[in-house]
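Every number here is computed from the coordinates shown, using simple stated rules; none is lab data. All figures in this text were calculated on a predicted structure; none of them were measured in a lab. For neighbour counting, all protein chains shown are included, and Cβ atoms are generated from backbone atoms with ideal geometry for every residue, glycine included.
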Amino acid sequence: MVGANELAHAIEEHFSIIPQDIVLEILERVLRDPTDIYRDDSGPEQSYSFFYRLEPSHKYIVAVVKSTADGVFFASMYPTGKKIRTKHKNFRKVIL
């Protein structure tokens, strides 16, 4: 599920020059065909999955997905540059 507030934040903070429909297409592409996935299961009631996709420009985009007892929700999306964030590499890597 993609909430309006979370999508608005991602657009305003990280993709302000890109129209909303294209941001949703990018999100779909990252989630459908990720390069790497990392999972943070340290929270007692929720976990986060970090879906990384390496684009042809050799830069990464990460989509953050939160899982709770109520379901799975889009939390954020942003570019990370040429590397996966070091903090995320400390989480459990999900085998694709």
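For a quick check: sort Arg39, Arg32 by the number of other beta carbons within 10 angstrom, fewest at the front. Write out the running numbers ahead of the final one.
On the way: Arg39 17, Arg32 9.
Ordered by Cβ neighbours within 10 Å, fewest first: Arg32, Arg39.
If you take all other residues with their beta carbon under 13 Å from the beta carbon of Leu54, and give Lys and Arg +1 and Asp and Glu -1, the sum is +2.
How big is the charge dipole of the chain about its Cα centre, in debye rounded to the nearest 20, if each Lys and Arg gets +1 on its Cβ and each Asp and Glu gets -1 on its Cβ?
Working: 13 positive and 13 negative charges, 131 e Å.
I would put it at about 620 debye.
Note on Lys66: aspartates and glutamates with a C-alpha under 16 Å away, same-chain residues under 8 apart excluded, are Glu6, Glu28, Asp40, Asp41, Glu45.
When Lys66, Lys89 are sorted by how many other C-beta atoms sit within 10 angstrom of their C-beta, beginning with the fewest, the order is Lys89, Lys66.
In the chain, the DSSP-assigned H stretches of four residues or longer account for a calculated mean residue ellipticity at 222 nm of -8500 deg cm²/dmol, using -39500 (n - 2.57) per stretch and the full residue count as denominator.
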